[in-house]
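Comments concern the structure below.
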Amino acid sequence: MMWYDGGWGWGGWFFMALFMVLFWALVIAGVVVLVRHLAAGHRGHQGGPPSSGEPGWGSRRAEDLLAERFARGEIDEDEYKRRLALLREHR
């Protein structure tokens, strides 16, 4: 009984092994990208807005952002105080 070679010889086995390695590398890379994407989505997420029992949660966040800008030196003290007073005035 003779085995049918298909004409590829050892080259067929080489390409089959190469494509199998490439296939699994793509599958693993896809899983890594998916996990990183999902993790990045939750990293910056601090939850939804507080319950309706917490008035002014939006202005509190604005004050926090303003304080961060002042701490980084993006705005000076006079501008910080002016904007903080404006935020608190419109609460």
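Read-outs: derived from the displayed coordinates by stated rules, not from any lab. Computed from a predicted model, the values in this text were never measured in an experiment. Glycine also receives a Cβ, built like all others from the backbone with ideal geometry; neighbour counts cover every protein chain displayed.
Annotations
- Between Leu84 and Val32, the FRET efficiency estimated from the beta carbon spacing at R0 = 41 angstrom works out to 0.40.
- A simple count of charges around Phe70, restricted to other residues whose Cβ falls under 13 Å of its Cβ and scoring Lys, Arg +1 and Asp, Glu -1, yields -3.
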